[in-house]
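Visitor: Input: one structure, supplied below.
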Amino acid sequence: MVGTKLAPPAGSGAKLTTRLLAALMALVLCAGLMPAIPAWAAEDPAAPAASEQTADTATLTIVKGVPLWGDVAPVVNASFDFEKNATIDDLFKAAQQAGLIKGYEFGNTFDGENYYLSSVTTADGTAIAGSDGYWMSGVDGDNATAVSRDIALEAGKAYQLAWCANVSDIQPTKEQWTALAANAKEVGAAAQNASTVTLSLVKGVGYDSNGKMAALPVVNGKFSLAKDAKVDDLFKAAQQAGLIKGYEFGSTSDGENYYLSSVTTADGTVIAGSDGFWMSGVDGDNATAVSRDMALEVGKAYQLAWCANVSDIQPTKDQWVALAKVAKKAQGSAQGEEAVTPSPSTAKVDASALDADLEGVHRTLFVSLTAGCAGAGGPSESNVSDWNALSIAAAGQASTANKDAVIAEAQASYDKPDGYNLQRSILVLTALGVDATKVPAATGTIDLVAKLADTASAVDSYPTSAAFTLMAYAAGPYEVPASAVNSAQALLDKLALSQEAGGGFASSWGVDTTAMVVPALAAYQGNPLASDMLSHALGSMRSLQQDDGGFGNVNSTAVAVIALCAAGVDPAGEAWATTTGSTPLKALLASANEDLTGFVIPQGYSQKLADQQGFMALVAYQGLKNTGAAYNVYTQAAKGEAALPSVPNPQDPAAGQTTQGSQAPSGSALAQTGDDAGASAGVVAAALLGALACAVTARRRASRAAQDAVVR
């Protein structure tokens, strides 16, 4: 995109050309205040082009934004050979070994679903990270592709990452301008023989009421003016209509053209200053300048946007192409150690088996995954082991977890409060019956709750950080003073500021962040602010649900099921069934492998993470069924209420009691939605399970006789 910079107010001393360059750079940033994960194309005809590279070569390009003038100076721009099974992490290791960077770190969403770049230390020792920006990533122009740590490298691909500043005051895209103009309303009565034109003033780009990125209008109206009217007359009409209180046009130093320098909104806010500038265009053409004396044309939309002075923004496609042309071959190679996408099976559970006995599939998968969690707890990749310890505690089997390992991990968390370590340790310890305010340590005991409440760095700017802090407080009888740095009210206020107009949190990434915030809001429904945020967040989740009942992949669907259970919504019920009759629970179970031992995952996803999140979702659903009320697996795990009921003996009327560790149902009953009145999980017969197993085995044999290793 290109844009036309409006001159600064008289006396600012800024030159039009320099500020124009800044504006041109600012136009390409189309994200709000929260990180998104777009991607960019990168062709390399000189290196050669990405599609023409050798079969075992991939390109890594890292930039720290775009400068206000001059060429983009990459931190890394090199191609590397790679071996089979190499990942993005291996590619970064190769860059480090080649001396192109000194270090790097990949962070993760709170539950470890995916790891994304969080920090790079350049060759000269400069660390690129912090709360004032974020990393954006992509692959060969696919804006829907994220560059996570475990993604498998593909031959000839260019992996592109850019550090971008947190800004929202940017110029809208042509599509966003067009959408805004289409919604402009008539202002005043139409004059005879008048020309109708549109004036749109915006202060940056953000999320609209539907959770979509859109221009945020200060003024957006259609005006009827005399045919010889000019832009200045259009602004006067907006002022007379009460849409703005005032405006000023400055000039270039020689007074050749007058451009907008200041607008005072209807509520008295002045939009002007040295920290930004006004950009302009006509009918979505950001290259057209709108000056004070410009004659108006019938039907045209005159569009002006206040843009921040930023340099750390993502490059344009042309800039990425230019970088790719000069990418050099680096020494060394990226070496993978093991298969990237282990999967327990190549086929998913048969749809007919789900239709015949959804609860039976749930039970069989639940039992299988429970068995694999014995001894869980303590350090592991993506913290899978700790979270599995919480899940089996919720399922009434806390005694099988490795409590000592969890305590040791909690001791380490006390000295490393960043990275959500304290939140996780408090939740898991509480689930295992350990008081997080009196954790055994070498010098006596340590209080993780007090540490979390009073350590500012323990809660970062991302919504899930505040959410899991709130749940850590709610998991036990923990009291946090209202004066604490991270008090409950302060955290709710923080979440309120980050909630989008559509109700979601970072919804441009999908449902995940919103679904991880919902259980926290559900735990604080007695607070009016939390209750209001919760209802809007659930609305956002529903808008992101797909036709199959799920939310795009195993992990996203799993966290959505967990969230719904915490809010008291049956994920197998009619209320969240799609037009095809599918529900979130059915979509999750449809991703189980045909052996019912785990989940089938997409390329680049972690098997352990998918199984961990999927299992937690199954536990949350069972907790909802057992208690007959909203069930928050994070805050209620210590009660052990989510155990499977024993399989009833049809000859024994007293059969069907819950298994060891389960509690009697509690809470207000849910309206029956997800289960047929005579076919709940508590009355699934052993014969049905046997028939299901036989059907699944027969289906697998028939499928493999017809085709080999087909992923459905």
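The values are calculated or read from the model by the stated rules, or taken from the named source; none is laboratory data. Note that this is a predicted model, so its numbers are computed, not measured. Backbone-built Cβ (ideal geometry, glycine too); neighbour counts: all protein chains shown. What goes into the accessible areas is simple: the full protein's heavy atoms, side chains included, and nothing from ligands, DNA or RNA. Shrake-Rupley method; radii C 1.70, N 1.55, O 1.52, S 1.80 Å.
Visitor: For segment 431-439, indicate whether the set of residues that are closer than 30 Å to Leu644 by Cβ and within 28 Å of the chain's Cα centre (by Cα) is non-empty. It would help to see each step written out before you state the result.
Guide: The initial filter retains those residues of segment 431-439 that are closer than 30 Å to Leu644 by Cβ, namely 431-436.
Pick out the ones that are also within 28 Å of the chain's Cα centre (by Cα) and you get 431.
Checked against the condition, which is being closer than 30 Å to Leu644 by Cβ and within 28 Å of the chain's Cα centre (by Cα), segment 431-439 yields at least one hit.
Visitor: So, in segment 513-554, how many residues would count as being part of a helix (DSSP H, G or I) and over 14 Å from Lys586 (Cα atoms)?
Guide: At the first step, the residues of segment 513-554 found to be part of a helix (DSSP H, G or I) are 513-523, 528-544, 554.
Narrowing further to those that are over 14 Å from Lys586 (Cα atoms): 513-523, 528-544.
Going through segment 513-554 one residue at a time, the tally reaches 28.
Visitor: Continuing with this model, one more query. For segment 535-550, state whether one or more residues are touching a Gly at 6+ places or on another chain (Cβ under 7 Å) and of a type in the set (Lys, Arg).
Guide: Going through segment 535-550, the residues touching a Gly at 6+ places or on another chain (Cβ under 7 Å) turn out to be 536-537, 539-540, 543-544, 546.
Add one more test, that the residue is of a type in the set (Lys, Arg), and what stays is none.
No, segment 535-550 contains no residue that is touching a Gly at 6+ places or on another chain (Cβ under 7 Å) and of a type in the set (Lys, Arg).
Visitor: Test Gln314 against the stated conditions and say whether it is at pLDDT below 90, of a type in the set (S, T, N, Q) and under 27 Å from the mean Cα position of the chain (by Cα). Lay out the reasoning, then the answer.
Guide: On the way: at pLDDT below 90: yes; of a type in the set (S, T, N, Q): yes; under 27 Å from the mean Cα position of the chain (by Cα): yes.
Considered against the rule, which asks whether it is at pLDDT below 90, of a type in the set (S, T, N, Q) and under 27 Å from the mean Cα position of the chain (by Cα), Gln314 comes out as yes.
Visitor: Find the residue count for segment 163-187, including only residues that are open to solvent by 40 Å² or more (accessible area, probe 1.4 Å) and in contact with a Phe, Trp or Tyr (Cβ under 8 Å, 6 or more places away or on another chain). Walk me through how you get there before you give the answer.
Guide: Our first condition is that a residue be open to solvent by 40 Å² or more (accessible area, probe 1.4 Å); within segment 163-187, this holds for 166, 174-175, 178-179, 182-183, 185-186.
Filter once more, so that each one left must be in contact with a Phe, Trp or Tyr (Cβ under 8 Å, 6 or more places away or on another chain): 166.
Selection size over segment 163-187: 1.
Visitor: Quick check on segment 279-310: of everything there that is hydroxyl-bearing (Ser, Thr, Tyr) and open to solvent by 10 Å² or more (accessible area, probe 1.4 Å), which residue is modelled with the lowest pLDDT?
Guide: The initial filter retains those residues of segment 279-310 that are hydroxyl-bearing (Ser, Thr, Tyr), namely 280, 288, 291, 302.
The next check asks that each one be open to solvent by 10 Å² or more (accessible area, probe 1.4 Å); those that pass are 288, 291.
Numbers: Thr288: 82, Ser291: 89.
Out of the qualifying residues, it is Thr288.
Visitor: Next up: Condition check: in contact (Cβ under 8 Å) with a residue 40 or more places away in the chain, open to solvent by less than 60 Å² (accessible area, probe 1.4 Å), within 30 Å of Ala393 (Cβ to Cβ) and assigned to a helix (DSSP H, G or I). Does Ser457 satisfy that?
Guide: Numbers: in contact (Cβ under 8 Å) with a residue 40 or more places away in the chain: yes; open to solvent by less than 60 Å² (accessible area, probe 1.4 Å): no; within 30 Å of Ala393 (Cβ to Cβ): yes; assigned to a helix (DSSP H, G or I): yes.
Considered against the rule, which asks whether it is in contact (Cβ under 8 Å) with a residue 40 or more places away in the chain, open to solvent by less than 60 Å² (accessible area, probe 1.4 Å), within 30 Å of Ala393 (Cβ to Cβ) and assigned to a helix (DSSP H, G or I), Ser457 comes out as no.
Visitor: Separate question: Just give me the residues in segment 587-626 being in a helix (DSSP H, G or I) and aliphatic (A, V, I, L, M), in sequence order.
Guide: Step one: list which residues in segment 587-626 are in a helix (DSSP H, G or I), which gives 587-589, 607-626.
Selection gives Ala587, Leu588, Leu589, Leu609, Ala610, Met616, Ala617, Leu618, Val619, Ala620, Leu624.
Visitor: Do you know which residues across segment 414-433 are of a type in the set (Gly, Ala, Ser), farther than 19 Å from Thr464 by Cα and open to solvent by 20 Å² or more (accessible area, probe 1.4 Å)? Spell out how you get there, then give the answer.
Guide: Going through segment 414-433, the residues of a type in the set (Gly, Ala, Ser) turn out to be 419, 425, 431, 433.
Of the ones still in play, those that are also farther than 19 Å from Thr464 by Cα are 431, 433.
Answer for segment 414-433, where residues must be of a type in the set (Gly, Ala, Ser), farther than 19 Å from Thr464 by Cα and open to solvent by 20 Å² or more (accessible area, probe 1.4 Å): just Gly433.
Visitor: Tell me which residues, restricted to segment 378-407, are open to solvent by less than 10 Å² (accessible area, probe 1.4 Å) and either part of a helix (DSSP H, G or I) or in contact (Cβ under 8 Å) with a residue 40 or more places away in the chain (or both). If you could, list the steps in order and put the result at the bottom.
Guide: Kept after step one, since they are open to solvent by less than 10 Å² (accessible area, probe 1.4 Å), are these residues of segment 378-407: 378, 382, 386-387, 389-395, 406.
Correct list: Ser382, Asp386, Trp387, Ala389, Leu390, Ser391, Ile392, Ala393, Ala394, Ala395, Val406.
Visitor: Mind listing whichever residues of segment 567-586 are open to solvent by 10 Å² or more (accessible area, probe 1.4 Å) and in a helix (DSSP H, G or I)?
Guide: Passing the criteria: Glu574, Ala575, Trp576, Lys586.
Visitor: Here is a further query. Every residue in segment 542-551 that is of a type outside the set (S, T, N, Q), farther than 21 Å from Trp387 by Cβ and either in contact with a strand residue (DSSP E or B) (Cβ under 8 Å, 6 or more places away or on another chain) or buried (at least 17 other Cβ atoms within 10 Å of the Cβ) (or both), please.
Guide: Leu544, Asp548, Gly549
Visitor: Looking at (1) outside any helix (DSSP H, G or I); (2) under 12 Å from Val428 (Cβ atoms), which one does Gly375 not meet, given that it meets all the others?
Guide: The one condition Gly375 does not meet is (2).
Quick grid of which residues meet (1) among the aliphatic types (A, V, I, L, M); (2) under 20 Å from Ala393 (Cβ atoms); (3) over 24 Å from the mean Cα position of the chain (by Cα):
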residue	(1), (2), (3)
Val569	yes, no, no
Thr580	no, no, yes
Asp595	no, no, yes
Phe599	no, no, no
Gln612	no, yes, no
Gln636	no, yes, yes
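Visitor: What number of residues within segment 413-438 satisfy the criterion of being out of contact with any Asp or Glu (no Cβ under 9 Å at 6 or more places or on another chain), without any contact (Cβ under 8 Å) to a residue 40 or more places away in the chain and more than 24 Å from Gly130 (Cβ to Cβ)?
Guide: Adding up the residues that qualify gives 1.
Visitor: Does at least one position in segment 499-512 carry a residue that is among the hydrophobic types (A, V, I, L, M, F, W, C), closer than 24 Å to Pro417 by Cβ and buried (at least 17 other Cβ atoms within 10 Å of the Cβ)? Before the answer, list the steps.
Guide: Within segment 499-512, the first condition is being among the hydrophobic types (A, V, I, L, M, F, W, C), and the residues that meet it are 501, 505-506, 509, 511.
Among the residues that remain, those that are also closer than 24 Å to Pro417 by Cβ are: 505-506.
Okay, now just the ones that are also buried (at least 17 other Cβ atoms within 10 Å of the Cβ), so 505-506.
Yes, segment 499-512 contains a residue that is among the hydrophobic types (A, V, I, L, M, F, W, C), closer than 24 Å to Pro417 by Cβ and buried (at least 17 other Cβ atoms within 10 Å of the Cβ).
Visitor: Would you check if there is a residue in segment 126-133 being within 26 Å of Ala563 (Cβ to Cβ), modelled with pLDDT under 85 and surrounded by 16 or more Cβ atoms within 10 Å (Cβ to Cβ)?
Guide: No, segment 126-133 contains no residue that is within 26 Å of Ala563 (Cβ to Cβ), modelled with pLDDT under 85 and surrounded by 16 or more Cβ atoms within 10 Å (Cβ to Cβ).
Visitor: Which condition does Pro519 not pass, out of (1) closer than 22 Å to Asn555 by Cβ; (2) open to solvent by less than 20 Å² (accessible area, probe 1.4 Å); (3) touching a strand residue (DSSP E or B) at 6+ places or on another chain (Cβ under 9 Å), if it passes all the others?
Guide: With (1) closer than 22 Å to Asn555 by Cβ; (2) open to solvent by less than 20 Å² (accessible area, probe 1.4 Å); (3) touching a strand residue (DSSP E or B) at 6+ places or on another chain (Cβ under 9 Å) applied to Pro519, the lone miss is (3).
Visitor: Out of the residues in segment 239-271 meeting the condition of being of a type outside the set (Ser, Thr, Tyr) and at pLDDT below 90, tell me which one is surrounded by the fewest Cβ atoms within 10 Å (Cβ to Cβ).
Guide: Initial filter on segment 239-271 (of a type outside the set (Ser, Thr, Tyr)): 239-246, 248-250, 254-257, 260, 263, 266-268, 270-271.
Still in the list and also at pLDDT below 90: 250, 254-257.
On the way: Gly250: 21, Asp254: 7, Gly255: 10, Glu256: 10, Asn257: 18.
My answer is Asp254.
Visitor: When Asn555 is evaluated against the numbered criteria (1) at pLDDT below 95; (2) open to solvent by less than 20 Å² (accessible area, probe 1.4 Å); (3) within 19 Å of Val367 (Cβ to Cβ), which criterion, by number, is the only one it fails?
Guide: Among (1) at pLDDT below 95; (2) open to solvent by less than 20 Å² (accessible area, probe 1.4 Å); (3) within 19 Å of Val367 (Cβ to Cβ), the lone unmet condition for Asn555 is (3).
Visitor: Looking at Ala629, Ala642, Ala654, which one is assigned to a loop (DSSP other than H, G, I, E, B), open to solvent by 10 Å² or more (accessible area, probe 1.4 Å) and either modelled with pLDDT of 95 or more or under 16 Å from Val367 (Cα atoms) (or both)?
Guide: Details: Ala642 fails: open to solvent by 10 Å² or more (accessible area, probe 1.4 Å); Ala654 fails: either modelled with pLDDT of 95 or more or under 16 Å from Val367 (Cα atoms) (or both).
On inspection, the qualifying residue turns out to be Ala629.
Visitor: Let me ask something additional. When you go through Ala592, Ala610, Ala620 one by one, which is the residue that is open to solvent by less than 10 Å² (accessible area, probe 1.4 Å) and modelled with pLDDT of 95 or more?
Guide: Numbers: Ala592 fails: modelled with pLDDT of 95 or more; Ala610 fails: modelled with pLDDT of 95 or more.
After ruling out the rest, the residue left standing is Ala620.
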